[in-house]
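One structure below.
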Amino acid sequence: MRDIRIFLLGCIMAGLAFVFLATWLTSGPANAQDAATPPAEVEIDRSATGGATTLEDILRRQQGLASDNDYRAGELGNPDAAAGITDQLGTLGGASDPDLWRGMRFNAADISTQVRGPASTVLIQDRGMWWLQFREGPLLVYGGYLLLGTLAALAVFFLLRGRVRIDGAKTGRRIERFKNVERFGHWLLAGSFIVLGITGLVSLMGRKFLIPVMGHDSYAWIAGASKWVHNNVSWAFMLALVMIFVMWVVHNFPDRTDLKWLAKGGGLFGGGHPPAKKFNAGQKLIFWSTIVLGASISVSGISLLFPFELPLFAKTFAILNTTGLPEMFGFGILPETMTLHEEMQYAQLWHAIVSFVLMAIILAHIYIGSVGMEGAFDAMGSGMVEEQWAKEHHSLWVAEVKEREGKAPSGATPAE
Amino acid sequence: MKAMLVGFVAIAVIAVGADYTLDQMGWSAQEQGASPSSVRLD
């Protein structure tokens, strides 16, 4: 009964996530390509300027339209043909200031720096504007709406349904639901995820919402601390994810009872409590969401933790393109070559999008495990749950426990 | 509740340990980003 709500909320959030991803995939890569390659039908006559930038080029750029940069990307000046030092403009050495800026923008300038690293000589990342605009626009807006919408949906549900009470009379007997190590793993995962969620939101939304409130100086300190915490707490999350997977995967394989549980809507629409083992179908959905999305967040997070060392997306897109799926769904051919900065930008977006989805799911999980259901928190609090609660929500598991203990509980749903 | 508190303490211990370990392994941002020939007075 309790977890059908998580399942239904999960369906809604999965739908929102799909829309979110579709928006990203259709806007992001397309814009990235637009920045480099103009539409075929746009042919600008530059004969009047001798091949240089025309008024039409400038107007198109001002209007945010795709513009052709190929004609000027190679215009970097010619030091070999520099005028004599005493001639007019001779001190420029054959390259004007615009030539120098073009060289920086199109990554063709001879940059030397004391900073090491694979991308240290990239001073202007020409194809990153779509990422910046998406990060400060749709990602922040839709991500925020997803979390606020989830909280609002939970509040409405609580007002309509109220707290799920234990239907039968309490027995006063308690049975162990989770061992110490299981609860330790759960709280290691839960605590780290909450810290990562808050610090991640600070990093993503701080400029928009915190700087106006506290000013740049205070936010700078918070942003720095938030980054340190986010980077280092991530290891606890990854360790806990492995622990949880190892401890509980055996209980989370789908089976026939899940179909029956889902067919009865988890008991939400009446008909009593459908039988369930240690984890019901709703909890299994939470488990696999956490494992799959958490693993995806971890992989993209590691890529971000070690900048430029673990590029993921060009190869992933190349594999996806070979399947034909992106074209089948109208996304066209995904970019298979990208700069190191672009790799980091895709990793950042993916990291944030998947995190938003998992945060929304976990909000529902937190609700039903605390204020939403009487007796649920005990499972992860003390580890000992009221026997009547267990019979109502996990009857097959109770029967298994009692069978192991050598005595059958009165009124338990028989194991199948 | 003890498991929960131990879990929370473990998060802090792992975070500090990870920072220290990565620094020792040469994965600090300074180690990764600075050149040995950079002009530093410290």
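Each value in this text was obtained by applying a stated rule to the coordinates, not by laboratory testing. What you see is a predicted model, and the numbers here were worked out from it, not measured in a lab. Quick reminder, even Gly has a Cβ in these numbers, built from the backbone with ideal geometry, and neighbours come from all protein chains shown.
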Inset, instruction - Amide H neighbours of A:MET373 under 5 Å, at least 5 residues apart or on other chains, H built in the peptide plane: list them. - result: A:VAL164
Legend entry - Spin-label proximity, B:MET1 to the stretch A:369-389 - amide N less than 13 Å from point 7 Å beyond Cα toward beta carbon: A:378, A:381-383
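Helix-derived [θ] at 222 nm for chain A: sum -39500 (n - 2.57) over DSSP H runs of at least 4, divide by residue count, nearest 500?
Details: 16 runs with 256 residues, N = 416.
Estimated from H runs of four or more residues: -20500 deg cm²/dmol.
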Legend entry - Fully extended contour minus Cα-Cα distance, from A:ILE333 to A:LEU132, at 0.36 nm per residue: 70.2 nm
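Write out the chymotrypsin sites (Phe, Trp or Tyr not before Pro) in the stretch A:267-312 meeting two conditions: DSSP loop, and at most 16 other Cβ atoms within 10 Å of their Cβ.
Numbers: sites: A:PHE269, A:PHE279, A:PHE287, A:TRP288, A:PHE308; in loops: A:PHE269, A:PHE279, A:PHE308.
Passing both the DSSP loop test and the Cβ count: A:PHE269, A:PHE308.
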Legend entry - Helix A:313-323 axis, angle to chain A major axis (alpha carbon atoms, nearest 10°): 70
Inset, instruction - Just need the relative contact order of the stretch A:37-105 here, percent rounded to a whole number, with Cα pairs under 8 Å and 6+ apart. - result: 25
Inset, instruction - Return A:HIS251, A:HIS393, A:HIS341 ranked ascending by Cβ neighbour count within 10 Å, so the fewest neighbours appear first. - result: A:HIS251, A:HIS341, A:HIS393
Legend entry - Most mobile of A:LEU146, A:LEU65, A:LEU204 in a GNM of chain A (Cα contacts under 10 Å): A:LEU65
Legend entry - Nearest 10 degrees, 0 to 90: helix A:211-248 Cα axis against chain A principal axis: 50
Legend entry - Partner chain coverage, peptide A:185-193 - average Cβ within 10 angstrom: 5
Legend entry - the protein assembly as shown: translational diffusion in µm²/s, Stokes-Einstein, Kirkwood Rh over Cα pairs, 25 °C, 0.890 mPa s: 94
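How big, on average over all directions, is the shadow cast by the Cα convex hull of the stretch A:37-105, in nm²? Show your work: numbers first, answer last.
On the way: hull surface 22.6 nm².
Result: 5.7 nm².
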Inset, instruction - Multiply the residue gap between A:ALA155 and A:ALA82 by 0.36 nm, knock off their C-alpha separation, and tell me the result in nm, one decimal place. - result: 19.1 nm
Legend entry - In degrees, nearest ten, helix A:395-405 long axis to first principal axis of chain A (Cα): 60
